[in-house]
Structures are given as C-alpha cells and as structure tokens.
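Q: The structure under discussion is supplied below as structure tokens; questions concerning it will follow.
The values are calculated or read from the model by the stated rules, or taken from the named source; none is laboratory data. As the structure is a prediction and not an experimental result, all values here were calculated from the model. Cβ: placed from backbone, ideal geometry, glycine included. Neighbour counts: every protein chain shown. These area figures cover heavy atoms from the full protein model, side chains too; ligands, DNA and RNA do not enter into them. Shrake-Rupley method; radii C 1.70, N 1.55, O 1.52, S 1.80 Å.
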Amino acid sequence: MASRAVLVPQRQRDGAAENPKPKAAVGGNNRRALNDIGNLVTIRGADLKQHQFNRPVTRGFCKQLLANAQANVENNIKKPLVVIDKAAVPVPKRKVSKPVQKKVDVKPKQEEVIEISPDTIEVKKEKTQKSSRKKVQTLSSVLSARSKVASGITDKPKKDPIVDIDEGDADNQLAAVEYVEDLYKYYKLAESSSLIHDYMDSQHHINENHRMILVDWLIEVHSKFELAPETLYLTIHIVDRYLSTQMVVKRELQLVGISSMLIASKYEEIWAPEVSDFVCISDRAYTREHILHMEKSILGKLGWTLTVPTPYMFLVRFVKAALADKKMENMVYFLAELGIMQYAMIRFSPSMLAASAVYAARCTLSRTPLWDETLKLHTGFCEYQLMECAKQLVSFHTGAAEHNLQTVYRKYASSELSAVALLSPAKSLLA
C-alpha cells in the first residue's frame, strides 16, 4: 500500500530545530482545527472537490467526513464523500431511500359487498366467490308460504285492480257522483221489499203465455212511441204488481197493459203520450173512460207507490262497471228484454237479472275476464251466483230466432243496435 507524505518540521544540521514549539501532552486537545487545512474544504453547503491529501487522516477527521456525508444525503446535497481506505472519494449522486419495513400482505377474508343505489333503493349482494351450493328449500319457508296463502296474503299484485268508474263523471252534475254509491245501496235494500211473488196460480183466466204475449206487444208499442227505456221496465213492473194483487179476466189484460204504460209514461217521460194515442194503438178496443178507470184502479192497488228499483236502474250501473262498448251494451239490453218477457224470471231480483245479463253478454262476446273485481264490487254478486240466471238468458237467446214472438229479436237484429240478436249465443254456459 502506498504511504502518505507526512510533513515534519525542518531541523538544523546542528540538530537544533527552527521555531521550536512545546510538545503537546499526550491525549491533549491542542491540535489545529481541521478546517484550517488548505487542501480540503469542509464548510457545510459547499461543493467538495477531489484533492490530493498530503497529510494523514485522523479518526476525528474521518468521523467528520462521515457526518457531513450523512447530512448531504439527507439534504439532497450533490456528490457526498465516502472515505475509502482513509481517503475521501466523491461518489455519484443517487437516491437513498429510507429503510421501509416490509409489509406483509394479508389476504382479506371474503366478505359480501353490498351496493346501495339511491335511485332504485335496491340492495344487491355480490359475493367475491361464487358458491357451488344449491339453495335448499327449508321446511320453515314452505310453512310460511302456505300460511300466507291461507291468510290471503300474497306478494303478487292483483291481476284485475278495481277501476274507479265514476272518475270520468266528476264534472257531470247529472251523474251525482257524490252520492251515487249511497243511491245504489238504497236500491239494493229497497228491491227486497218490492219483489213480486208467484201470482199465476191465483189467476184463473190468464196464464204465463198470455203474459208473454202482452209484454211482447208492450215492447212493440214502446218502440213505436219512442219512449225511454225506464218507461218500459216500469210498465212491466206495474203490470206484475197489479196482477199479483188483483184477479184479471183475459179480455182486460191488454187494458191493464195500456193503463200501466200510461202511468209509467207520466212518471218517466217529459212528453207522455195522450190517452187518445193509447186508444188508437189498441185499435179502439177500449175507450178513454176504460183506460182512465183502470188507471185509478191500478194506482189504488199499488198505494200510489211508483218509486221502485227496476232492472234498468241496475243495468245502467252494471254496464258502466263493465266498461262496455256500444256492442256489448246492446247485447246486455237484448238479453235483459228477453228476460222480462218470461214469467219464470220474476223469481230473480232486478239486480240479479241485470248482473246476469251483463255476465251472459260478456260470455257471448268472449270478453276476458268474464267477471272481475270491479263488477263484483258494484254488482255485489260473485260469478257462481249468476250462473243459474245467466243460463236461462242464454237459453232464451238460443231459441229467439225460432220463437213465435219476434218483437225483441227483430228489434235487436237491426244494424242500429249492432245486430247483436244475430250473434251466436254462449252455448258454453249451457254445457
């Protein structure tokens, strides 16, 4: 290894030294400051240059160099010095990172991730790993599902929600939307007190066929006078009520019908037909006095009570509840008029006859559903309750084309009333 040059004080030849100085005590602290040495700059912040050192490097000097190099690294100072073999050698600058403790990667446990969307308010669970297990239906879930069904609790919405049929008539004062429900509740209660019992056994001179002929003729007269539908149904009701309280001979049966229509026209029509019109329509079989006398007799027997719920009152409401178009409306009235012609139908209440006509009409026109919650609410009848009456109406429709009395059939076979009488009857009900 190369030795380093060491400067020593010159001595005289005679052995005396120039400028003698006192010797330093061993272990003393009288050395010259290292920064006084001209061959090395140790001022902080100054760039260190490579020099040829010509004096020995002491331990304190090395310690100072190491301290300066450490400070320069921390303060990003250029080219720190590193002591190699007791010599300061500049090294290129490089980034020294602080020792960082090694992080141990611990895999997190697989958890369910729940995403909540504020728009849909739905909570979705996504599993990081798909499970291969199949869902097993437990016994408790089966029992809870059966209990819900038994209690009528289902998560599925109703297929046929109830429709507000009076919503479109909110601004119509004649519709009486505010108290129309109360009116029909009263009609349902009042019809029980105005039901007509079986009276044909008490009549010795007339029978069911005679009554059918009379009603068929009254329907023709009603069409000729172009009267309101309310008048026709009230006329038939008056005839049946009077015949249930008074025995009538055959020759006066037509007079009872004329006088009943006169009374109903005065009650329902704005411009009622005159008595002379009924005299002419009966081919002068009765005089004016006969008609007026029978009118008084009928009003006396009925106690002047004419405000009764007829099938037409319920027909109007039930057709509206069925959301019927014009074709279906005509079919309902066709079946209802076939019903009032038959004496056997008086055992059904007016509301039952009207609801059955709507049901039979829906079956004839293949409307689905045949009966929904809206009709059930407004009619008060379930589908099975209408079967008997509806089958009777369909049977009347089946034989209308070949019947001897053709007034109703011809009336509803016209194109003005959608020719509903020509349609095929709902024979599925009869089966």
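Q: What number, in percent, do you get for the relative contact order of region 195-339 if the mean sequence gap of Cα pairs under 8 Å and at least 6 apart is divided by its residue count?
A: On the way: 104 pairs, mean separation 34.6, N = 145.
About 24 percent, as a whole number.
Q: Glu181 to Ser144: FRET efficiency via 1/(1 + (r/R0)^6), r the Cβ-Cβ distance, R0 35 Å, to the nearest 0.05?
A: Values: r = 38 Å, r/R0 = 1.09.
Using R0 = 35 Å, I get an efficiency of 0.40.
Q: Further question: Extension gain Ala344-Gln70, at 0.36 nm per residue separation less the Cα-Cα distance, in nm?
A: Numbers: separation 274, 0.36 × 274 = 98.64 nm, distance 12.09 nm.
This chain segment gains 86.5 nm when fully extended.
Q: Beyond 20 Å, what share of the Cα-Cα pairs of region 182-245 remains, rounded to the nearest whole percent? Can you show the working numbers first?
A: On the way: 826 of 2016 pairs.
Here the long-distance tail beyond 20 Å is 41 percent of all Cα pairs in region 182-245.
Q: Another question about this same structure. Run the quick spin-label model on Lys188 and Asp277: label points 7 Å from Cα toward the beta carbon, then report their separation in nm to one decimal.
A: Here the answer is 3.7 nm between the modelled labels.
Q: To continue, here is another question. Say a paramagnetic label sat at a point 7 Å from the Cα of His293, along Cα to Cβ; which residues of region 234-249 have their backbone N under 17 Å from it?
A: Answer for region 234-249: 247-249.
Q: Here's something else I'd like to know. How much accessible area per residue does region 199-331 have, in Å², with a 1.4 Å probe?
A: Numbers: 6310 Å² over 133 residues.
Here the per-residue accessible area is 47 Å².
Q: Residue by residue, what Karplus-based ³J(HN,Hα) values in Hz, rounded to whole numbers, does region 315-332 have, using 6.51, -1.76 and 1.60 with θ = phi - 60° and x for Gly and Pro?
A: With coefficients 6.51, -1.76 and 1.60, one gets 4, 4, 6, 6, 5, 5, 5, 7, 6, 7, 8, 5, 5, 5, 4, 5, 5, 4 Hz.
Q: Restricting to DSSP loop positions (anything but H, G, I, E, B) with no more than 13 other Cβ atoms inside 10 Å of their own Cβ, which GluC sites (Glu not before Pro) remain in region 166-218? The partial results should precede the final answer.
A: Values: sites: Glu167, Glu178, Glu181, Glu191, Glu208; in loops: Glu178.
Those that pass, being in a loop and sparsely packed, are Glu178.
Q: Right, here's the next one. Using the alpha-carbon centroid of each, what span in Å lies between region 248-326 and region 161-187?
A: Result: 28 Å between the Cα centres.
Q: If you don't mind, there's one more thing I want to ask. Is region 161-207 best put as rounded, prolate or oblate by its Cα gyration tensor, with a ≥ b ≥ c the root eigenvalues, rounded for a/c under 1.5, and otherwise prolate when a/b is larger than b/c, oblate when not?
A: Values: a/c = 3.56, a/b = 3.39, b/c = 1.05.
Here region 161-207 falls in the prolate category.
Q: Considering only the other residues whose Cβ falls under 12 Å of the Cβ of Phe334, what net charge follows from Lys and Arg at +1 and Asp and Glu at -1? Please list the in-between numbers first.
A: Numbers: positive: Lys327, Arg410, Lys411; negative: Glu329, Glu337.
Every neighbour counted, the sum reads +1.
Q: What shape does region 234-392 have by the C-alpha gyration tensor, where a ≥ b ≥ c are the square roots of the eigenvalues, rounded means a/c under 1.5, and otherwise prolate means a/b greater than b/c and oblate the rest?
A: Working: a/c = 2.50, a/b = 2.21, b/c = 1.13.
Cα axes put region 234-392 in the prolate bin.
Q: Which whole number of Å³ per residue matches the convex hull of the alpha-carbon atoms in region 288-381? Display every interim value, and only then the final one.
A: Working: hull volume 11.8 nm³, N = 94.
In region 288-381, the Cα convex hull volume per residue is 126 Å³.
Q: Output ³J(HN,Hα) for region 257-270: one whole-Hz value per residue in order, computed from phi by the Karplus curve 6.51 cos²θ - 1.76 cosθ + 1.60 with θ = phi - 60°, and x for Gly and Pro.
A: Per residue, the Karplus-derived 3J(HN,Hα) values read x, 5, 5, 5, 5, 4, 5, 5, 5, 5, 7, 9, 8, 6 Hz.
Q: Also, I was wondering about something else. Using Cα pairs under 8 angstrom and six or more residues apart, how large is the relative contact order of region 282-355, in percent?
A: Numbers: 27 pairs, mean separation 28.2, N = 74.
Computed value for region 282-355: 38 percent relative contact order.
Q: Could you bin all the Cα-Cα distances of region 197-280 into 10 Å bins starting at 0 and give me the percent of pairs in each, rounded to whole numbers?
A: That works out to 18, 53, 26, 4, in percent per bin.
Q: Something else about it: Would you work out if region 360-400 is rounded, prolate or oblate? Take a ≥ b ≥ c from the square roots of the eigenvalues of the alpha-carbon gyration tensor; rounded if a/c is under 1.5, else prolate when a/b is larger than b/c, oblate otherwise. Display every interim value, and only then the final one.
A: Values: a/c = 3.03, a/b = 1.65, b/c = 1.84.
Here region 360-400 falls in the oblate category.
Q: Let me ask something additional. Between Leu365 and Ala431, what is the spin-label point distance in nm, taking each point 7 Å from the Cα along the Cα→C-beta axis?
A: About 2.3 nm, to one decimal.
Q: For the pair Arg410 and Asn207, what calculated FRET efficiency results from E = 1/(1 + (r/R0)^6), where r is the Cβ-Cβ distance and R0 = 35 Å, to the nearest 0.05? Show your work: numbers first, answer last.
A: Numbers: r = 25 Å, r/R0 = 0.71.
Rounded to the nearest 0.05, the efficiency is 0.90.
Q: Provide the net charge surrounding Ser366, with neighbours chosen by a C-beta distance below 14 Å and charges set as Lys +1, Arg +1, Asp -1, Glu -1.
A: On the way: positive: Lys327, Arg362, Arg367, Lys427; negative: Asp325.
The answer is +3.
Q: Another question, then. Counting other Cβ atoms within 10 Å of each Cβ, which GluC sites (Glu not before Pro) in region 210-316 have at most 13 and sit in a DSSP loop?
A: Glu226, Glu274
Q: A further question on this structure: Relative contact order (percent) for region 244-294, with alpha-carbon contacts under 8 angstrom and 6 or more residues of separation?
A: Values: 24 pairs, mean separation 19.6, N = 51.
38 percent.
Q: Right, next: Please arrange Val332, Val177 by accessible surface area, largest first, computed with a 1.4 Å probe and ligands excluded. Could you put the intermediate results ahead of the total?
A: Numbers: Val332 0, Val177 45 Å².
My answer, sorted largest first, is Val177, Val332.
Q: Count charges around Tyr409 for me, please; just the other residues with Cβ under 14 Å from its Cβ, Lys/Arg as +1, Asp/Glu as -1. Each step should come with its number before you reach the end.
A: Values: positive: Arg410, Lys411; negative: Asp216, Glu220, Glu337, Glu402.
Neighbour charge sum, excluding Tyr409 itself: -2.
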